[in-house]
Amino acid sequence: MAFEPRILHVLATPRAEGTPRLVLDWLAARPDLWQGVLVLNSQPGDLKEPLQKGSRAYREHDLLQPGFSQFPRIVQASYRMVRDTRPNIVLCWVTGMASWVCEGARLAGCKKLLVHSGNPPRLGGKNDLISCSVYWPLALLRAKVICCSDYVRDANRSIRGVSRGLFQTVYNCARAREISARATRARQEIVKDGKFFTAIMVATLEKHKDHETLLKAIPSIVSRCPNFRLGLVGEGSLRGDLEQLADRLGIREQVTFLGTRSDVPELLGLADLFVFSTTINEGLGSVLLEAMAAKLPVVATDVPACRELLQGGRLGQLVPPQRPELLAEAILDKIQNRESSAHTVPTAFDYVEQFTPARMIDQYLRWVR
């Protein structure tokens, strides 16, 4: 009898960010499969409604609290969800809590365990011990850790005391054709007057990104291109600090904080340039796939994840980290030489079409068949 996957996704929260959006991609790509969702913390609840609507079973808790008492509660929540819904695969998207999630799933009888790793670990000394405390139980539970890039996989494989065979690579996905169609429709329906050159960045406002460097680049850009505008899509704990920085730099007229949005493809379609200012803690930068799908030229920080995805700069311009003056020059170059991306953009779109949700799902399932 053929193996019929029944997949339980475990998320930290339904926040509008990378992993919950990936789960939505899985739900939309394979509605024929039984897919359930267990959420460890109900807030922020941005994507609760679509996750609930798209899944066959949905359950949420408020378990992620300070202290050790959260761990047995996570085991219990995982155990009960698996016991009640009988998935044959548990896919945990929360690396730090994966051993507790997988223990509960295993106790309830689910032996096919997958863990998503979306960011590189901190390495050396105490950090290696912390990583071992996460990964040793997963190895004992015979789980597989699926990394979103070769960079994340290789960083995990360099942790002392952890088996290299625990880690494999499967790239994240993007609904390229849908994003392209929505971006194109927005361009056709809303005719721009050409008054402004608009750049956009889509990312959570957290420390593993680097909005600060981008904001510090704006005064230099505006001094030479007064019609430059920047839209920042995303929410996070640093929003207040970043708004204050924009005030101090005198660029609030040029920068708009757009918050969480459901119309990101349309916003990409109305922009002229995608900028991705981030840090070495970036695991892949899936939003780069979305930008390329929307046929936007890209300027990104030259960190390993972006370098890997943009093929060393072939598919987008790379700028050294934390160098606002060089970031400003790269953006100004795109403004002044718009035709320079004429060949890169179509090549990037052809490249990103291979990152389909169906392919990502198939490659994940390969490790449990």
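The values are calculated or read from the model by the stated rules, or taken from the named source; none is laboratory data. Keep in mind it's a predicted model, so treat the numbers as computed, not measured. Don't worry about glycine lacking a Cβ; one is built from the backbone with ideal geometry, like all the others, and counts go over all protein chains shown.
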**OP:** Go through (1) at pLDDT below 95; (2) more than 18 Å from residue 199 (Cα to Cα); (3) surrounded by fewer than 14 Cβ atoms within 10 Å (Cβ to Cβ) one by one and return the number of the condition residue 312 breaks.
**Re:** (1)
Subject >> Failed condition for residue 135, given (1) closer than 18 Å to residue 122 by Cβ; (2) in contact with a strand residue (DSSP E or B) (Cβ under 8 Å, 6 or more places away or on another chain); (3) touching a residue at least 60 places away in the same chain (Cβ under 8 Å) >> reply: (3)
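Yes/no matrix, rows are residues, columns are (1) among the small types (Gly, Ala, Ser); (2) within 22 Å of residue 274 (Cα to Cα):
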| site | (1), (2) |
| --- | --- |
| 115 | no, no |
| 121 | no, no |
| 132 | no, no |
| 148 | no, yes |
| 155 | yes, no |
| 192 | no, yes |
Subject >> Identity of the residue in the range 322-366, among the acidic types (Asp, Glu) and under 22 Å from the mean Cα position of the chain (by Cα), that ends up nearest to residue 298 (Cα to Cα) >> reply: 350
Original post:
Is the range 119-126 home to any residue that is touching a Cys at 6+ places or on another chain (Cβ under 7 Å) and either of a type outside the set (A, V, I, L, M, F, W, C) or crowded, with 22+ Cβ neighbours inside 10 Å (or both)?
Top reply: no
Original post:
What tally of residues in the range 205-230 results from selecting those that are buried (at least 18 other Cβ atoms within 10 Å of the Cβ) and not in a helix (DSSP H, G or I)?
Top reply: 6
**OP:** Kindly check whether there is at least one residue in the range 151-159 that is modelled with pLDDT of 95 or more, closer than 17 Å to residue 95 by Cα and among the hydrophobic types (A, V, I, L, M, F, W, C).
**Re:** yes
**OP:** Consider residue 49 carefully, then state whether it is in contact with a Pro (Cβ under 9 Å, 6 or more places away or on another chain), surrounded by fewer than 18 Cβ atoms within 10 Å (Cβ to Cβ) and assigned to a helix (DSSP H, G or I).
**Re:** yes
Subject >> Answer from 198, 184 - the residue that is in the same structural domain as residue 335 (by TED's automatic domain parsing), not hydrophobic (A, V, I, L, M, F, W, C) and not in a helix (DSSP H, G or I) >> reply: 198
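Quick one: is residue 189 more than 20 Å from residue 345 (Cα to Cα), more than 24 Å from the chain's Cα centre (by Cα), surrounded by fewer than 19 Cβ atoms within 10 Å (Cβ to Cβ) and among the acidic types (Asp, Glu)?
Yes: the conditions hold for residue 189.
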Original post:
Where residues in the range 1-46 are of a type in the set (Gly, Ala, Ser) and outside any helix (DSSP H, G or I), which of them is surrounded by the fewest Cβ atoms within 10 Å (Cβ to Cβ)?
Top reply: 2
